[in-house]
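Below is one structure, written out as structure tokens; comments come after it.
The values are calculated or read from the model by the stated rules, or taken from the named source; none is laboratory data. Predicted model, so just to flag it, every value in this text is computed and none were measured. Cβ placement follows ideal geometry from the backbone for every residue including glycine, while neighbour counts extend to all protein chains displayed. Heavy atoms of the whole protein, side chains included, go into the accessibility calculation; ligands, DNA and RNA do not. Shrake-Rupley method; radii C 1.70, N 1.55, O 1.52, S 1.80 Å.
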Amino acid sequence: MRVSGRREGRAIGDRSGVGDESSPMREQLRQWFGSGRSRSATAQRWVSRRQREEFRQRLLLVGIAVAAVLVVLILVTGAIYQYLYLPNQTLVTVNGAKISRGDYWKMRKLELLNQVQQYSQIAQFASGQQRTQYQQLAEQARARLDTVESDPVDTQTVNQMVDDQVLLQRLDTLGLTLTDADVDQVMEQFFSPAPQASPTPTLGVDPTAAAWATATAEAQVTPTPTPEASPTATVEATASPTGDDENATVSGTPAAEDRDTTAPGTPAVTPAAPPSPTATPNPDEARATATATFEQYKRNVLDTAGMSEADFRRLVVRPEAARQKVVYHLQSAIPQRGEQVHAAHILVATEAAALAIAEELRSGADFATVAKEKSADTATAPNGGDLGWFPRGVMVAPFEEAAFRLPVGEISQPVQTEFGWHIIKVLDHEQDRPLDVNTLQTLRNRAFTKWLEEQRAASTIEWHIAAPSPTPTSTEFVPPPAAPPTPTPTPSPTPTLPPSTPGAGETPEPTATP
């Protein structure tokens, strides 16, 4: 009975809503009178907002710190890439030796600085439009200095650096060595105020060939005729003692010092006093001057190029010393005399044209006349196809073989080269003849070029950038150095009719008869 009453009371309480903690009435009473539980909930809500604000602030600080770390990482990565990775990046390897981008930057800047100096110096002695052009070239080279590291790689500069490496590595193929003394001597050559003893003596020429060259140079000098005094240009006058008589004139030809012999555009230098001979500095003075000049060059040029003295010796002076040794060794081996032929040729484009000309010559046509009329070689056609004297090694192989095999006075069958089809006539042949000065120099230059090409072909060169395209072979025939010069046509004067003579096609007006 008691239990049931309790249950009934609980049931009544449940129905009345008093016993439900979540009932509206009880919640209303808590709000009216307050309770510890309600205050605790409010405090929890207030603490929660503060914690959330602190949490947001911590997140903001963490975000800022992370962003700062990322920025620093990006800057450090960029600096490592720009100043460590890129300068050490390999552009080319030559037999395992690396050519780095950093060395390329130094060499490229040095080239541009030298261009600025050269163009500026030329502009000082030029005038008008030519001076403006050289000034613009100097400014363009100066502007490219700031963009070397971002510009595409100049393959010509890298190719030169490859040649330098080949030179240094292949000296032993000629039995040559390079010492520090050789490098020091070339360094002094660069900056010495007076000519220094060269490690490679100057090569001479055959005395007979030198005499030929002198005679040719003298024959090409056109004497300047002396103007005759005009009788109307002479005025009798009395010179004023003071020199300021306006009516005074000079009779006759002016003296040499009064004439303006300066060519247009060439600055005239008039010394205030006769120049005194400059004493040649002794070796110690020359060495001291060279050192001072180099220090100035280092401040003005090398520092701008980012090149130290060690870099300059390694990248510039040592290759130049090696080049001088190789050039002298190869050129000294070229004989100053040798077998030569004197030949003429007719050049045409097709075999059919060459066969037709050969038949015409066999029928008795004059070789020189046919060459003037039909040869495509404009340099030798006016001279009847005359090529002058040439030794072996000057002409292309098929032409040379035919010319040296042909008897004197004979005419060859058509000979094909990369220039077209040739008909060759040998005019003379000697077994021991001095080489013309220009021919000898051509052979000497070709000796070095040929050797360098052979050494490059024998080397292992790996390009980590786009390899430079090969230089296109010229398809234009070039006569030998000793070929007679092309005659310059003399313009014929235009005939001038006298005023009283009617012009061509004109009808003379009738003259009235008095």
Determine which member of the set GLU228, GLU218 is open to solvent by 100 Å² or more (accessible area, probe 1.4 Å), modelled with pLDDT of 65 or more and either touching a helix residue (DSSP H, G or I) at 6+ places or on another chain (Cβ under 8 Å) or of a type outside the set (Gly, Ala, Ser) (or both). GLU218
Of the residues in the range 287-314 that are in contact (Cβ under 8 Å) with a residue 24 or more places away in the chain and of a type in the set (S, T, N, Q), the one that is farthest from LEU113 (Cα to Cα) is THR289
Output the residues belonging to the range 324-346 that are open to solvent by 10 Å² or more (accessible area, probe 1.4 Å) and among the aliphatic types (A, V, I, L, M). VAL327, LEU330, ALA333, ILE334
Could we say that VAL408 is assigned to a loop (DSSP other than H, G, I, E, B), open to solvent by less than 60 Å² (accessible area, probe 1.4 Å) and of a type in the set (A, V, I, L, M, F, W, C) here? no
Whichever residue in the range 376-394 is outside any helix (DSSP H, G or I) and open to solvent by 20 Å² or more (accessible area, probe 1.4 Å) and, among such residues, is farthest from ALA482 (Cα to Cα): ALA376
If a residue has to be closer than 24 Å to HIS429 by Cβ and part of a loop (DSSP other than H, G, I, E, B) to count, how many in the range 341-375 make the cut? 4
Of the residues in the range 180-195 that are outside any helix (DSSP H, G or I) and open to solvent by 60 Å² or more (accessible area, probe 1.4 Å), the one that is modelled with the highest pLDDT is PRO193
Would you pick out the residues in the range 100-147 that are open to solvent by less than 30 Å² (accessible area, probe 1.4 Å), more than 17 Å from the chain's Cα centre (by Cα) and touching a residue at least 24 places away in the same chain (Cβ under 8 Å)? ASP103, ALA126
